1. Which of A:Thr202, A:His192, A:Ala126 sits farthest toward the positive end of the charge dipole of region A:120-238, with +1 on the Cβ of Lys and Arg and -1 on the Cβ of Asp and Glu?
2. What would the Debye formula give as log10 I(q)/I(0) at q = 0.11 Å⁻¹ for the alpha-carbon point model of region B:58-148, no solvent?
3. Could you name the lysines in cross-link range of B:Lys173, using Cα to Cα under 28 Å and dropping any fewer than eight places away on the same chain?
4. Starting at the first residue of region B:40-46, write each ³J(HN,Hα) from the Karplus equation 6.51 cos²θ - 1.76 cosθ + 1.60 with θ = phi - 60°, in whole Hz, x for Gly and Pro.
5. Mind listing the long-range amide H neighbours of B:Ile100? Cut-off is under 5 Å, sequence gap 5 or more, other chains count too, H placed in the peptide plane at 1.01 Å from N.
6. Using +1 on the beta carbon of Lys and Arg, -1 on that of Asp and Glu, and nothing else charged, what's the dipole of the protein assembly as shown about the Cα centre, debye to 20?
7. Taking the Cα of A:Asp183, stepping 7 Å toward and past its beta carbon, and measuring to each backbone N in region A:129-159: which are under 12 Å?
8. Picking from B:Asn57, B:Asn67, B:Phe79, whose Cα lies most toward the positive end of the charge dipole for region B:46-89 (charges on Cβ: Lys, Arg +1; Asp, Glu -1)?
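Any read-out appearing in this document is the output of simple, stated calculations on the displayed coordinates, not a laboratory observation. Remember, predicted model here, so these are calculated numbers, not experimental data. Positions of Cβ are generated from backbone atoms using ideal geometry, with glycine treated the same way; all protein chains shown enter the neighbour counts.
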Amino acid sequence: MSDPLIDIRNEYKIYIMGNEQVYANDNINLKIDRGEFVSIVGKSGSGKSTLMNIIGALDKPTSGKYFLNGRDTSTMSDDELADIRNKTIGFIFQQYNLLPKLTLLENVELPLLYAGIKVKERRIKALESLSKVGLKEKYNQYPNQLSGGQQQRVSIARALAGSPSLLLADEPTGALDSKTSGDVLNFLKKLHSEGNTIVMITHDNAIALEAKRVVRIHDGKIIFDGDTESYATEFQISH
Amino acid sequence: MLQSFKLAIKAILSNKIRSALTMLGIIIGVAAVIILVSIVSGYMGQMVEQFEEMGVNKITIFCRNMNTRHIDDDDMYKFWDEHPTWIDSLSPTVTLSSAIAKSGSDNLDSTTITGVSEDYLDIMKYKVEEGRNLVYADVAGRSSVCVIGSYVANTFYGSAEKAYEDTIKINGKPFTIVGVIETQDEDNFEEGGTDDFIWIPYTVATKMNRNGFINNFVMNSTDTLYTEEITEALEEKLSNVFKNDRLYNVMANSSIIKQLNQSIGTLTAMLAGIAGISLLVAGIGVMNIMLVSVTERTREIGIRKALGARQGVIMQQFVIEAAVTSTIGGVFGIAIGAFATKSIGAVMDIKANPTVWAVLLSFGVSVAIGLIFGYLPAKNAARLNPIDALRVD
Ligand SMILES: Nc1ncnc2c1ncn2[C@@H]1O[C@H](COP(=O)(O)OP(=O)(O)OP(=O)(O)O)[C@@H](O)[C@H]1O
Ligand SMILES: [Mg+2]
């Protein structure tokens, strides 16, 4: 268990646009251990989403290596990546990404379904997960019957359902007002205090500071990696 | 799997008009296959039945005799002697043209008068109701006797018993009625119908006809196995006599039935093929809709893949959706096709039943269409990159 959960080595992601090469990720080296709460922060176009896709095993690097839970993802097939996403990562998206035609329960059950878990157990786990975010009673409703904050909580419930090693949140408060944003962030902190590993992507320094460790990227390169206090000091942000 | 079926039904129901239009293509295609195939095979089957009723063993010979080249009854009986195992019975049939038959003062205008041998009864598969059949002695002795159909007996004498041993005058010559034949066709019991006939010995008939030739013969083979050999031997014999194949014709019921059955096969296959093209078009419709459906649901597919759905799972979902759509269409098509077949059959007075193979085939084809034409869109869906798919709004 001494392996870090995330171990990215000399990772490049290069997009070819016409005859121009865009280094969306430019020699990224990043290790994240189990139990950490890390925010990845940067301006628009800095390469955050690109990095999140790599971390989330949604995409493969152009070059370099990515070990997730000790396994090299850069040589995996499409289906192997699907399996590793299913078992190790819980996604929380900016746009919630709930399926509108499924009930909340069915939405939360999805990762369990793809893990091949039997109906009964699936139901129990999904309900458990929904009750963690305080929406157990609404299990039979549809996403469009909920507020934005509630939908984001459902998406957190879905991310938690399969007890993944990593919660990966991409701008989780991007679509929410400041009050509900605060609720969601507090909830993430609570999950962290319960031992979950969380990686949160954001463009907002104030939100980045809610984590324990901040990684700042600029033009595809990591320009800062350290604890929240030193980040606040170095970038002169009031905490 | 079960989950995929539920999802498929949900997806189909969520866009009812579109699904219904897609199914319509399949419905029309399947119904067309069933209607065309069933009606045609019902119609042709009825023709086959008619020939079978006339006797599968029956072989008919038509000749146009002339003074220089002709055959007679002796030639044909000699042919029978040469091939005793092939032939069961033989009768010349001599139609008395422009003969006037009279029962007392009544004219029998519509009655067919035919000169036949004692075997004719068996060949026609008729039975005597009253009296007896013609016998060899009548033929050999050129007796002035006759056997009549039940219509003649009933109409001109009141009943078979009353007609028996009474007389009929043909061209002024009295013939004793020695037998009456059972009614053959109740539905056609009228003037000129099946039961309106008089049989006299053919030897008498040839004498009454001016030229004295026997132009037609009928025979029954002992078994349809010999049909071809008999036909060939007869044609060889007739060809030697007439030297011109337009002057004779040998027609075997069993070969006609065989030919008919062959044409039924070809015709139904052809019609099924034509209707199959409409199924193909329907399949392309299914594919089109599935491609649209995949495009519309790109985001959904992206989410599912991000959450860990393997390619096979996504693929299965869309293939099943296409297959369920076309299967539902197929079932409706079968129902409509079967109903239409019955109605059209009733209107056209044909015993048309939706044939099992047409139903099974079109059902199979509609399921297959779903699978085949759903495959490409499903593959597109399964191959979608989750990142690209998630970016779409
Ligand atoms: N599929 C792609 N093809 C070409 N270029 C791409 C692609 N994806 C990203 N890029 C480029 O890579 C760079 C980094 O993009 P990325 O989406 O990672 O930025 P980001 O930090 O997430 O920005 P934002 O905060 O606006 O979401 C950008 O210059 C972008 O134009
Ligand atoms: Mg981004």
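1. Final value for the positive-end residue is A:Ala126.
2. With one equal scatterer per Cα and no solvent, log10 I(q)/I(0) is -0.41.
3. Filter leaves B:Lys102, B:Lys127, B:Lys162, B:Lys207.
4. So the J values, rounded to whole Hz, are 5, 6, x, 5, 5, x, 5.
5. For B:Ile100, the qualifying residues are B:Asn171.
6. Details: 61 positive and 72 negative charges, 812 e Å.
Charge dipole, the protein assembly as shown, about its Cα centre: 3900 debye, nearest 20.
7. A:133-135, A:146-154
8. The residue sitting farthest along the positive end of the dipole is B:Asn67.
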